[in-house]
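Everything below concerns the one structure shown next.
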Amino acid sequence: MKCTRKETQLDRLTVGNIQIDQVRSFSCLGTIVNGNNTLEEEITERTVKGNKAFYANRTLFKGNLVSRKSKLKLYWSVIRPIVVYGCETWVLKVLYRDSQCLRGKY
């Protein structure tokens with residue numbers, strides 16, 4: 001992968017007799033890396049994963065069997081880490097900072 005803001009044509013890399021395809025983006029340790037060095041795809045993916053985790057536990061959050069304190073502990077220990085995983089390395093622009101997913105939707 002070439003990390004550049006310019007549009008480049010995807011080439012094949014040949015190592016010995018093996019040809020390796022170039023990709024526009026890939027996932028490494030749960031983080032999406034792309035050739036444009038942008039975060040839109042990463043933030044969208046984190047939001048989707050957080051929503052999946054929330055809706056997988058929807059019955060616990062909506063029901064009355066679990067106390068509010070336990071629901072908050074579940075949120076802070078399961079849902080929130082999924083959404084903000086790797087955020088220490090994000091370079092946020094005003095567009096990202098003001099987006100709904102980072103402002104307090106969760």
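Summary of computed values
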item	result
Inter-label distance for Val84 and Asn64, nm, one decimal - labels placed 7 Å from Cα along Cα-to-Cβ	3.3 nm
Length released on extending from Glu40 to Lys52, taking residue separation times 0.36 nm less the Cα-Cα span	2.5 nm
Segment Lys71-Asn17, length gained on full extension (0.36 nm per residue, minus Cα span)	13.9 nm
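Bear in mind these aren't lab numbers, they're just calculated from the coordinates by the rules spelled out. Every value quoted in this text rests on a predicted model; they were computed, and no experiment measured them. Heads up, the Cβs are rebuilt from the backbone with ideal geometry, glycines too, and the neighbour counts pull from every protein chain shown.
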